[in-house]
Amino acid sequence: MRNVAIVGIGYTPVFVSKRRDVCIPEMISEAVENAFKNSGLTPADIDAVVFGNMHTFEGLNLPHLWSADFIASLGKPVMRIATGGTTGMSAFHAAYYHIASGLHDVVMVVTYEKHSEGDAQVGLMGIITPEIMAMLAAGIDVTGQKGMGAIGGGSAGGISYQATSYLHHSGAGIEHIDAIAAMERRNASKNPYAHLKDPEATAEKIAQTPLISWPIRFGHVCPTTDGATVCILASEEKAAKIADKAAWVWAVANCASDATTGNLIEGIITDPGEQMPATIAAKKAYERAGIQDPRKEIDYVEIYNGFAHQTLMFLERIGMCEVGEAHKLLEKGELEMSGSLPVNASGGVVSTNAIGTSALNRVTECALQLMGQAGEHQVEKEVHKALAHGWGGLMQYVTITILADKPKKL
Amino acid sequence: MDKKVAIVGFRMKSAPDLVTTRERLTFELTRGLFDDLGIEREDVDTTIFCTNDFLDGRTISNCFLEGPAGCYMRDESKVEMDALNGLMYACMRILSGQYRTAMVVSLALTGYQVSPYLHIEYQLSPIYDRQMRLLNELSAAALQARSYLTRYGYSEELLDAVAVQALSNAAANPYQARRIPGVSKEKVASSSPYYEPLKELHCYPPTDGGCVLLLASAERAKELTDKPVWVLGMGQSIETFYLGERDLFRSPSTVKAAKRAYELAGIKDPKAEVDLAEVSALFAHQEPLLAEALGLLEEGAAESSYQSGDTAVSGKMPINPSGGALGGHPVSATGLIRAAEAVRQLRGEAGENQVGKAEVAVVHGQDGPCAQQNAVVVLGV
Amino acid sequence: MSVQEETFLTPVVPLDFTYNYYIGQYLTRYFKGFKEKKILGSRCPGCSKVAVPPRKYCGVCNKVMEEMVELPQEGTLENFTVGHVTMEKGGRLSPAEKPYVLGLIKLDDKASLLLHKVEGVDPSQVKAGMKVKAVWKDQVEGDYWDLDHFEPA
Amino acid sequence: MEETRQVQGTWDLSTFKFRIEGEGIKNMLKEMKEAKLLGNRCHKCGTVYLPANFYCRKCHIAIHEPAEISDHGEVMSYTIGYADVRGNPLDEPRVSLMVKLDGSDTWIMGAGEDMKPEDVHIGMRVKIKWADQRVGNLQDMESFIPE
């Protein structure tokens, strides 16, 4: 095992709903340029590239091929990773193993999404379209008008079942989902690379947005964003030469549940509130990082929260607090940038969701906090260890990355 | 890489049309592999999937396969490329020290369900090539074939010779999908013209199939098999996307990938040290083209090599003794199938297609129009 | 695990997902050139290679190709193929009504080869090295097919 | 920078021929004519799947043992719909339930009837309301009603 560090981060200058001015590789190249500026490295320093996005969202197969000339990759190994919402972090993990294996020293992760060119709703539906069509033939009514058709009863789909289950088991109320959504939109207003920003957001304001499907409101749901993120990783020896400041990888882990195995009805969603993969992946990550008590040892957390309740729910699932405790921490202000357990100072996925980048941004945002480079959204407490969480697949796959401000003792 | 990671087992299957589902094929191959090795799913530390969303007609196409592959509530990831890249990622995971075993799972049902050419269609630039509709997988390959033949002054008969050798080898290989008994030059030459100079039998057939393969650390490999096949080296590289800027008659990315793989494997003279090659040549011209890039054939000597039988099963540099991708190309799984075929050779289990001396094999996988991106793995016993 | 076809469900999915791609700054310039029947490329400040159609990056030099240059309308057929099939969207092959020629055309020694249709010549008579020239639509609109095809010069 | 024009592309799933697992659901539909629910059970770990699955995800073995499942069960989770799939508001809120049927280890989803949204809760007991005229299709299960 070798130590691996993050030595450079590059974002597109903006994360917005439509980049009408650029084609896909042009947009990606902006983040690559910024990563070189940020790290002081040049294309010649890069040994290998890992590339990730949700390619059915833009109707492009293996888009790293088209982008190859724009991402400083010619003549280098390029690996394409795709695991759904977690793609960005899965790509980061692949880059980590490129280096930890001893085969490469400096590896660049390139992720993007240009939602404006496709349709995320249909892209997501593409996961289970054949199953839905088969169910239609078998007599299901997917509009949820009657009978066995209630696939979530609305556009929020299976997520609503998850949120209900979370509220029931934690004792939290919909007002807590409103409050965490408001906190993240406020945090986003301090992050230049966030999409939905509202410095004046309050729980009351969020509560005024219409309900889609209890307990999910429009104000709880992530936007669709255009943007790209690049992250450069290096081995310990190289990092010492090229970086003044670095964030160090202490552990990476993942766990998959099962989407379906021909069990069509139950297969639409899995373990709605239980999210056992999150618990299993976090446990593995703590073991690998040598962390005994995550609540004491981890200073900062970035949660992948396509929907606002997930910030609270996943804090509990990954053992950062007891079941039923997250909303109490929120009430006390502990999850704020000034609190004892700051979460999603970036604004989270609920504020910015260029899907391919979303799970990587959880990692890069932890890295910025560790290096003290988060600018206006730098949290007040000192950050020595941080945890990034990614969630995706068909709501059944979780990735975890633990970073620290020092290399791990091997 | 010094015998740190071994291939300990594999299962594969190909046919023009497998009457099955992705889930059933995944279960069948992985259960078979576990039974071969006497292990259970808990013995697999991590799984790497290589499937393609466009061919599967699904977003995140592996997320229905975790159960059938045995990684329910376990560790996995997905490399959305030719599965030889998945094998490379699995090796990296083992080399890091984090995992002792890693399984690669790849499959595609492109025979009956969907056209395999869709795979390349969606790789083309949506703002230019896909609007013009001049370029497709076959027209691109034809331009590459012409460029290659012209450059070295080969006749079009070279394509027939390569195809006959590959298809004859495939006919004797029970794992292949396209098995034409008694295939002849005349049969190949009289097959339907696609894009000149390529005809139907110069091109891979639409294929259903898949392959699973288990890798293990040196220590764990000893417990799992008496016949480990070692991963000695690997490399991968990409070149420009733009066909109009590539010398289509050569494959610089394969040259780079091979250089890296040979360095890691300690191979200085591939012509002398390599015993056979399994090359993902999707079209007849690509086999000699890629074999040259791999440093196995003399540049410009392809016609004489194929005529003299040097590249045949009994020759001094057997290329695709399995029959290669002209015998079957379940897109994504092809590179992994090449690896499994090399394992059969290195274990001396290749039956009629067994080459004489088989101690070091080179395996190749490709992605992109005209093999824009290439992966090379060196295996040995 | 061989099973009968009847075991399976075979749903028809009557869905064609639609994508809308922004063409970006460089292809926009190319089509602006078309409005004046000009073929434009972008030149790399590193290797001075010219990309046709133009694009932002030279992947070899990793440099932005800001400079636009006009290319000659006449060039050499470097490589070609005669198509006997057509490929529909979705990758379905069908026999072509009649054979047709696709060529890679060199407009300038420094320029990348441009893939286009070659017409006005019997497909069996096409030779690499032929001189060809651009044929424009009478009415140009700054669109893909303004540059209609190439023909022997 | 200036806005640029858009061009179209499509991903035509209509050209695909999908084969998906159907044995379990076909057998289930057949039995539904008799107002019965048929799944299967793993002979090794006892997990019961509805519809029947061809393998056990926990044991990773092929499974064949049929298992009859009750039409009574417990609400695992629920949601109250206020908007349709396109986000347009509904005339009245719609109850949707996720129910674990007694004797099964999987769950099914369906509409809840004869219950007020404010009365629905996790752990609530419900049963399937069967159609009078059953044809062997999912519409045979009309809804869940309180037990």
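The values are calculated or read from the model by the stated rules, or taken from the named source; none is laboratory data. Keep in mind that this is a model prediction, so the values were computed, not measured. Methodologically, a virtual Cβ is constructed for each residue, glycine included, from the backbone with ideal geometry; neighbour enumeration extends over all protein chains shown.
When the stretch B:189-203 is limited to residues that are touching a residue at least 24 places away in the same chain (Cβ under 8 Å) and more than 11 Å from every other protein chain (Cβ to nearest Cβ), the one that is farthest from residue C:85 (Cα to Cα) turns out to be B:189.
Scan the stretch A:252-300 for residues that are more than 18 Å from the chain's Cα centre (by Cα), in a helix (DSSP H, G or I) and either modelled with pLDDT of 95 or more or among the polar types (S, T, N, Q) (or both) and jot them down. Within the stretch A:252-300, A:283, A:284, A:286, A:287, A:288, A:289, A:294, A:295, A:296, A:297 qualify.
Of all residues in the stretch A:364-410, exactly one satisfies the criterion of being modelled with pLDDT of 95 or more, small (Gly, Ala, Ser), under 20 Å from the mean Cα position of the chain (by Cα) and assigned to a loop (DSSP other than H, G, I, E, B), namely A:374. Selection over the stretch D:58-95 of residues that are part of a strand (DSSP E or B), in contact (Cβ under 8 Å) with a residue 40 or more places away in the chain and more than 10 Å from chain A (Cβ to nearest Cβ) gives a count of 3. Output yes when any residue across the stretch B:38-52 is more than 8 Å from chain A (Cβ to nearest Cβ), among the basic types (Lys, Arg) and under 29 Å from residue A:275 (Cβ atoms), and no when none is. Within the stretch B:38-52, one or more residues are more than 8 Å from chain A (Cβ to nearest Cβ), among the basic types (Lys, Arg) and under 29 Å from residue A:275 (Cβ atoms). All of (1) within 13 Å of chain A (Cβ to nearest Cβ); (2) farther than 28 Å from residue B:67 by Cα hold for residue D:125 with one exception: (1). Of the residues making up the stretch A:196-227, those that are touching a Cys at 6+ places or on another chain (Cβ under 9 Å) and closer than 19 Å to residue A:111 by Cβ number 0. Of all residues in the stretch C:114-153, those satisfying the criterion of being under 23 Å from residue B:248 (Cβ atoms), part of a strand (DSSP E or B) and not aliphatic (A, V, I, L, M) are C:116, C:117, C:131, C:149, C:150. Each residue in the stretch C:1-26 was checked for being at the interface with chain A (Cβ under 9 Å from one of its Cβ atoms), closer than 16 Å to residue A:130 by Cβ and crowded, with 16+ Cβ neighbours inside 10 Å, and 6 pass.
Please state which of the following conditions residue D:65 fails to meet, knowing it meets all the rest: (1) within 21 Å of residue D:109 (Cβ to Cβ); (2) modelled with pLDDT of 95 or more; (3) surrounded by fewer than 19 Cβ atoms within 10 Å (Cβ to Cβ). All conditions pass for residue D:65, except number (1). Filtered by the rule that a residue be in a helix (DSSP H, G or I) and within 18 Å of residue B:371 (Cα to Cα), the stretch B:125-139 gives B:129, B:137, B:138, B:139. The requirement of being within 22 Å of residue A:344 (Cβ to Cβ) and at pLDDT below 75 is fulfilled somewhere in the stretch A:140-162, by at least one residue.
For the stretch B:306-321, state whether one or more residues are assigned to a loop (DSSP other than H, G, I, E, B), touching a strand residue (DSSP E or B) at 6+ places or on another chain (Cβ under 8 Å) and closer than 17 Å to residue B:177 by Cα. There is at least one residue in the stretch B:306-321 that is assigned to a loop (DSSP other than H, G, I, E, B), touching a strand residue (DSSP E or B) at 6+ places or on another chain (Cβ under 8 Å) and closer than 17 Å to residue B:177 by Cα.
Of the residues that sit in the stretch B:103-134 and are polar (S, T, N, Q) and facing chain C (nearest Cβ under 8 Å), which one is farthest from residue A:82 (Cα to Cα)? The residue in question is B:131. Residue C:52 meets each of the listed conditions (1) closer than 18 Å to residue C:133 by Cα; (2) touching a residue at least 60 places away in the same chain (Cβ under 8 Å); (3) surrounded by fewer than 23 Cβ atoms within 10 Å (Cβ to Cβ) apart from (3). Note on the stretch B:47-97: residues that are hydroxyl-bearing (Ser, Thr, Tyr) and in contact with a helix residue (DSSP H, G or I) (Cβ under 7 Å, 6 or more places away or on another chain) total 5. If you go through the stretch B:162-183 one residue at a time, do you hit one that is of a type outside the set (A, V, I, L, M, F, W, C) and within 14 Å of another protein chain (Cβ to nearest Cβ)? Within the stretch B:162-183, not a single residue is of a type outside the set (A, V, I, L, M, F, W, C) and within 14 Å of another protein chain (Cβ to nearest Cβ). Of the candidates B:147, B:168, the single residue that is modelled with pLDDT of 95 or more, assigned to a helix (DSSP H, G or I), more than 19 Å from the chain's Cα centre (by Cα) and buried (at least 17 other Cβ atoms within 10 Å of the Cβ) is B:147. Is at least one residue of the stretch C:37-45 more than 10 Å from chain A (Cβ to nearest Cβ), exposed (fewer than 15 other Cβ atoms within 10 Å of the Cβ), within 21 Å of residue B:245 (Cβ to Cβ) and not charged (D, E, K, R)? Yes: one or more hits.
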